[in-house]
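Below: one structure, written as structure tokens.
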Amino acid sequence: MSIRDTGITSMLKNDYYEVYDRDDVTTQEDKMRIYRKAFECDFYLASVNAMSEDGVIINVDGNGNRVAAITWGPDRVILVVSLNKVCQDVDAAIKRARSTAAPINMARFDFKTPCQTDGMCHDCKSPDSICNYITIQRMSHPAHRHIVLLTPEPVGY
């Protein structure tokens, strides 16, 4: 939730920009439309779950819409990374994404997973799991497609 925590979303919601925000709609059908529209946007804004000190980005996603848009989608992707998400190496970043970010993220939903119960990753195969897609992004291709914004404030989870 780093994007919302920074206030960027509310700043962009004005007469000049058209913002597709899944939180602005209520039905699953409308959310799916917004997920698909993301691929046509000029810019896609997202937060990351973790990043290694050498810049490898780790994301865990339930539906795959976020990691799909980050990986292959709009011409420009802006990724927000707060320093509390930076880990020593890729293994630590994966662990953080699955054992810290995912259980906290699960608290937003009325799902039944082991991590929601005790806050620890169990590598579950629950139908409610939000760890269905795990991406490891080493670089940006094409070059300069991804813009990484580091923020010292501990935003998101």
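Here are a few things to note about the model shown:
- Under 5 Å, built H, 5+ apart or other chain: amide partners of N132: D61, G62
- At 1.567 mPa s and 4 °C, Stokes diffusion of the chain via Kirkwood alpha-carbon radius, µm² per second: 80
- Mean residue ellipticity (222 nm) of the chain, computed from DSSP H runs ≥ 4 via -39,500 (n - 2.57), nearest 500: -6500 deg cm²/dmol
- Anchor K125: aspartates and glutamates whose Cα lies under 18 Å away (excluding residues fewer than 8 positions away in-chain): D61, D110
- Under 24 Å from K37, Cα to Cα: lysines that are on another chain or at least 8 residues apart: K13
Any read-out appearing in this document is the output of simple, stated calculations on the displayed coordinates, not a laboratory observation. Source: prediction; values computed, not measured.
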